[in-house]
Amino acid sequence: MERGYFKFLILFIALMIGVFQTNPLLAVRVKDIADVEGVRSNQLIGYGLVIGLNGTGDKRGTQFTIQSLVNMLERIGVAVNSRDVKVKNVAAVVVTANLPSFTKVGSRIDVLVSSLGDASSLQGGTLLLSPLRAADGKIYAVAQGPISVGGFSVGGAAGGGVQKNHPTVGRIIEGALAEREVPSNFNQKDSLLITLHNPDFTTVSRLARAINDRLGEDSTDPLDARTVRLKVPHRFQGKIVELMASIENLDIIPDMRAKVILDERTGTVVIGENVRISTIAVSHGNLSIEIKERVNVSQPLPFSGGETTVTPESDVSVKEEKARLLLMPSGIDIGEVVRALNAIGISPRDLIAIFQAIKAAGALQASLEII
């Protein structure tokens, strides 16, 4: 009986050690925190015309819209004089898109259409054939199709109106057709660079160790806090896709610096898990001043010959909240910090001022960032 209980205890302790060392709730996949260098999207941009608008296009004085319309008509064999063109159903737009990695000729991608002139809405419009260029000046895709705005703008003759969302920007789902591929020799590489989204020496070391454990050999070389060089094993030569599929689903526990993020515009406070403070006493109180204005009217008696007089009167009251002095001992974790600060009934904006004061006192063992 005792021997069986002893075996059960040993098994339970080993299981708990394994749980605490590799907690699945803390682990994330490699594909969610890192990228392979060179495997990225490319930005495209182009200029085009949107037609079919219901009087919401660019105004008559928008010269580049008129010139673009005249040039387009001339290319299809219609000769017009720019001085005779007076339309309100056309708008000049800028077309942008992201060309995903490994895109092949004939693949379709989404595009974003944004008004360039003074059009009031792109609702119901159709984008004409627009070439999209990359930073090298080459055309990689062409876009065309009906625009989905997701909003509207309705106005009256007197100047009032109703607007929902942003009607001068729209999308065309799968509106661009890829015409050129980005050259890539990905499957012939003999080494890969894996880069973390957030640089950290501890995380990059854990990443290298996890890859070595999966491949069963020492194939990685951490270069800095962000990058790991992976030497492609001989058995994966020409099979880089299979190699990355086995690596990107590895679970590792990322580490991070202790940070407190403050947004004074919205009163948002984000506190990292590893934030610690030294022993410090915090007292927080509010001073409120209330001013009430009244007007007194003095009315003379009938036939007295007097005049009615108006005299202003102000009541000023000052209230100062008596706050407690709160002691925070050294080394407490984030949960205790939040509970302690909530105990004195502070608001998020007051919390910003308190954290700034704690940092100025040198008691906040974390970096303080204001965005």
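The values are calculated or read from the model by the stated rules, or taken from the named source; none is laboratory data. Everything quoted here is computed from the prediction, not taken from an experiment. Ideal geometry is used to build each Cβ from the backbone, glycine not excepted, and the neighbour counts take in all protein chains shown.
Odds and ends about this structure:
- Test: Gly106 is exposed (fewer than 14 other Cβ atoms within 10 Å of the Cβ), among the small types (Gly, Ala, Ser) and closer than 19 Å to Ser184 by Cα: yes
Here is a yes/no grid of residues against (1) modelled with pLDDT of 90 or more; (2) closer than 22 Å to Val28 by Cα; (3) part of a helix (DSSP H, G or I):
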site: Val154; (1), (2), (3): no, no, no
site: Ala157; (1), (2), (3): no, no, no
site: Arg180; (1), (2), (3): yes, no, no
site: Thr195; (1), (2), (3): yes, yes, no
site: Thr202; (1), (2), (3): yes, yes, yes
site: Ile211; (1), (2), (3): yes, yes, yes
site: Glu217; (1), (2), (3): no, no, no
site: Met244; (1), (2), (3): yes, yes, yes
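Residue-wise test of (1) under 23 Å from Thr168 (Cα atoms); (2) touching a residue at least 60 places away in the same chain (Cβ under 8 Å).
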{"position": "Thr62", "(1), (2)": "yes, no"}
{"position": "Ser68", "(1), (2)": "yes, no"}
{"position": "Leu73", "(1), (2)": "no, no"}
{"position": "Ala97", "(1), (2)": "yes, yes"}
{"position": "Arg108", "(1), (2)": "no, yes"}
{"position": "Val111", "(1), (2)": "yes, yes"}
{"position": "Asp118", "(1), (2)": "yes, yes"}
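- Region 96-129, residues that are within 25 Å of the chain's Cα centre (by Cα) and within 16 Å of His166 (Cα to Cα): Leu112, Val113, Ser114, Ser115, Leu116
- Qualifying residue in region 275-284 (condition: part of a loop (DSSP other than H, G, I, E, B), loosely packed, with under 15 Cβ neighbours inside 10 Å and either among the hydrophobic types (A, V, I, L, M, F, W, C) or outside the structural domain of Arg206 (by TED's automatic domain parsing) (or both)): yes
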